[in-house]
Amino acid sequence: MTARFGQYAKYLILLLFSFLMLYPVFLMISSSFKSNLEILTSPLGLPQSLSFENYVMVWEKVSFGSYVWNSVYVSALSVFFILFISSLAAFYLSRFSFRWNPFVLFFFMIGLMLPMKLAILPLYMIMLQLNLLDTLTSLVILYVAGGIPFAVFVFYGFFRTLPTELDQSARLDGCNSFQVYYKIILPLMKPALATVGIVHLIGVWNDFFYPLIFLKSEELSTIPLGVLTLFGEYDTEWNLLFASLTISSLPMIVAFLFASKQFIEGLTSGAIK
Amino acid sequence: MPVLEKTTEIQPKTSKRKRTNWKKHLVHLFLLPALLFYVWFQVYPIFSAFLNSFFEWNGLRRGEFIGLGNFVRLFTEAPFEETFYRALGHNVIFFIGTVLAKLIVAFLLALLINSKIRGKEFFKTVLFLPKLLSVIVVGFLFSLILNPTYGALNTFLRFIGLEELARPWLGDPNTALYTIILVNGWYGLGFAVLIFLAGLQAIPSEIYDAAKMDGASGFTMLMKMTIPLAMPSIMVMTILTFIGAFETFELIFAMQGSQAGPYFSTDVLATFFYRLAFGSVDGGESIGLGSALAVVLFLMISSATAILLFFFKRKEYEQ
């Protein structure tokens, strides 16, 4: 009897917390379909009809479309270069035995612990000198640089589990190092690429700090910075605010629902190892 | 023409050797881009931040070397000194609040998910969901939910007859910081649960069977076996929370602005740093002070991490 009761209590607690986690997200999405009046008069009620009017308005009134495009552009380029550059470096560190390799690896690992927010002033001055302030390129450069330590760390661990016989036989067949990387290693490392790619995609897509510091022109804003502008200019039109928050979050939530295992594995792997 | 023959015979030989040498060095191109980006935009800026803190600054121009002058001003000169200690206190409260919430609530939830129940994957997925949102989105979403007049929370409290509990959560200096800590807890709870869960799943189940045979109660097993054995994950979580608490910026910026209102009641070192570095209108000498503050934060984070690691390592050996 008490065991039975205990079992119910477990589910009750877990369901309560699940509700607490889900409800604010649900409220955000459901409010994005309401009119402003509806939100203010009955904030908890369900939307009376499924209208996409707010989304159209956000798209036309505040040029949210360009924010979305900027975010997609920065995220795609950053993730691509992180994966490409870091996998090359990890390939070098794990497949060649130069005597400085252990030091280089350790040097990269230090980067896992550097709080880059604190180096923002020197970064600002570097970008000023490079004439890259207020460009999306500055963001891509910073995300790539910041993404390298974690990516090298994961890829290096992955390469060590890959047997070297494959690349040796490819070399005997006349492949050079780049061909070994491109034809043998790259197809085998898809799971590691997915893990690292997801982690950095979420990080870059959601980042607010670098755009806040480095972007000045409104038309270059990424989504999080665009949301800030919107909250400043339309702070009474809650329907638009909720719609913008939903647009910002929905891509990651949908991707998560399709591949929650990879997401969870990726985001916790950095902490556990 | 024997001379020509000779050269044609030699030339391919030398050029071939040259080419293989050249190709041998080509292999370093694998490492070069990563190393270049990492050194230029990660390592050098950190060093540079340290260096800058020892100089006087006029706008973006570096002035004279003044040793620890910026640090002395930060710690002793009004109004910086008052702001610094107040913000530091808030960071400490932020850390203690968050770490308590995680160690108690998230650990309990991890224990529940690790026990014999159905729907483990569902609970893991749902609890983790907030972590996918941008911190800035979380901040703005909750500033709408917590709005005193139209927000969902106060509406709900009025609806169930608890009107006296409804208050301007973010507008009252007495509640603002704690409210933000709770929102931060909401955002990071699922991540903590997953870290603890990984720690719990690493414990072999046989030892529990043995303890049960010896007649150990559930509570004894929790205190004497589960918690000590899950210590590595508790350690990792504590360190990550510490780093997060001393770097916290976006949530406060979104909910209270860079002035960290009301009346600086939610001001932390990172918002203070932001105002010093980018917020001042005159742009005067704040780069020196900002760099000094960044160095202080950096040293706090890295030394606390080292101390925590040392402390937990010793604990592990004592078991």
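Quick notes on this structure:
- The protein assembly as shown, helix-only ellipticity at 222 nm - DSSP H runs n ≥ 4, -39,500 (n - 2.57), divided by all residues, nearest 500: -22000 deg cm²/dmol
- B:VAL39 versus A:ALA76: modelled label distance in nm, points set 7 Å from Cα along the beta carbon direction: 3.3
- Counting only alpha carbon atoms, the long axis of helix A:120-129 and the longest principal axis of chain A meet at about 70°.
- Helix A:190-206 axis, angle to chain A major axis (alpha carbon atoms, nearest 10°): 40
- Across chain B, the longest piece that holds none of the trypsin sites (Lys or Arg not before Pro) lying in DSSP loops with up to 10 other C-beta atoms within 10 Å covers B:119-319.
- Neighbouring partner chain Cβ atoms per residue of A:198-210, average, 10 Å criterion: 3
- Contact order relative to length of chain B, as percent, for alpha carbon pairs under 8 angstrom and 6 or more apart: 25
- Theoretical FRET efficiency, 1/(1+(r/R0)^6), r = Cβ-Cβ of A:ASP235 and B:ILE307, R0 45 Å, to 0.05: 0.55
- Exercise: per-residue mean of other protein chain Cβ atoms within 10 Å, B:121-129: 6
- Across q = 0.13, 0.16, 0.17 Å⁻¹, chain A modelled as identical point scatterers on its alpha-carbon atoms has Debye log10 I(q)/I(0) values of -1.00, -1.23, -1.31, in the order of the q list.
- When the Gaussian network model of chain B links Cα atoms closer than 10 Å, the mean-square fluctuations of B:LEU222, B:LEU26, B:LEU182 top out at B:LEU26.
- Acute angle (nearest 10 degrees) that the helix B:286-318 long axis makes with the longest principal axis of chain B, alpha-carbon atoms: 70
- C-alpha center-to-center spacing [the stretch A:168-245, the stretch B:16-87] in angstrom: 25
- Taking amide H as placed 1.01 Å from N in the peptide plane, B:TRP57 has its amide H under 5 Å from the amide H of B:GLY63, B:GLY288, each at least 5 places away in sequence or on another chain.
- Of every Cα-Cα pair in chain B, the percent that sits beyond 35 Å: 44
- In the elastic network of chain B, a GNM with C-alpha springs shorter than 10 Å, the most mobile of B:THR241, B:THR271, B:THR125 is B:THR125.
- Dimensionless Rg over Rh [the protein assembly as shown; C-alpha; Kirkwood]: 1.02
We did not get these values from a lab; they are worked out from the coordinates using the rules stated. These figures come from a predicted structure and were not determined experimentally. Counting neighbours? That spans all protein chains shown, and the Cβs are built from the backbone with ideal geometry, glycine included.
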